[in-house]
Amino acid sequence: MQKGSLRQLYIDELKDLYNAETQLVKALPKMAKASSNAQLRQAFEEHLRQTSEHVSRLEQIFEMLDEKPTGKKCLGMEGLVKEGAETIQEDYSDEVKDAAIIGAAQRVEHYEIAAYGTVKAMAELLGEDAHISLLDQTLGEEKKTDETLTELSAEINPQAAQGSEAAEDDSEEEEGSKSRRTSARKGNSRRAA
């Protein structure tokens, strides 16, 4: 069956967003728990609180539309959440893991910013003035979260780089030590022969 109206597309996009937000309500506590940086953990906890509000705002819009918010799975968010979960499982040092988690979280934020921008533009075209302020409030919060993550990455990424350099130096030192031990053993073997 062909869906021919912008209003139906708008409702479908809102359902997609609703599912995306409910997926995030489950994923954000895991990201917070995996963060070693206290400020990053706090940012995820704050965004979890906001995300619950985003779900409530979408529910208000569905109520105004006399529609149910269910029936659509957001495959894009599902993929982003899966990538984030894989990042958490990686065997990185704390600082590098925090940097990786920020990257995963910013991909989520950019997805949400695009989605909320799209539905807000549709609401404007459809004359849904009561929806616009709710969508705009959420869009502003998503942008602010992205800015916060960018600020945190400016602090955390240099720490991750320093930690990586130290780990590489240790690894090179260990390789050099192994090489010296191997050479010494070969030298001892030649002398014994």
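The values are calculated or read from the model by the stated rules, or taken from the named source; none is laboratory data. Since the structure is predicted, the reported quantities are computational estimates derived from the model, not experimental observations. Every residue, glycine as well, gets a Cβ built from its backbone with ideal geometry; the counts of neighbours run over all protein chains shown.
List of remarks:
- On inspection, Leu80 does not qualify as surrounded by 14 or more Cβ atoms within 10 Å (Cβ to Cβ) and within 15 Å of Asp12 (Cβ to Cβ).
- Thr22 being of a type in the set (S, T, N, Q), out of contact with any Asp or Glu (no Cβ under 9 Å at 6 or more places or on another chain), surrounded by 13 or more Cβ atoms within 10 Å (Cβ to Cβ) and at pLDDT 95 or above: yes
- Residue, nearest to the chain's Cα centre (by Cα), within region 84-97, restricted to residues that are within 25 Å of Glu21 (Cα to Cα) and loosely packed, with under 15 Cβ neighbours inside 10 Å: Ala85
- Of all the criteria given as (1) of a type in the set (Asp, Glu); (2) closer than 30 Å to Ser133 by Cβ; (3) modelled with pLDDT under 95, the one not satisfied by Asp16 is (3).
- Ala104 among the hydrophobic types (A, V, I, L, M, F, W, C), surrounded by 16 or more Cβ atoms within 10 Å (Cβ to Cβ) and in contact (Cβ under 8 Å) with a residue 40 or more places away in the chain: yes
- For region 112-127, taking the residues that are within 14 Å of Met77 (Cβ to Cβ) and of a type outside the set (Ser, Thr, Tyr), the one that is surrounded by the most Cβ atoms within 10 Å (Cβ to Cβ) is identified as Glu112.
- Of the helices (runs of 4 or more DSSP H) entirely within region 1-116, those holding at least 2 residues that are farther than 25 Å from Gly140 by Cβ and out of contact with any strand residue (DSSP E or B) (no Cβ under 7 Å at 6 or more places or on another chain) occupy 6-34, 75-89.
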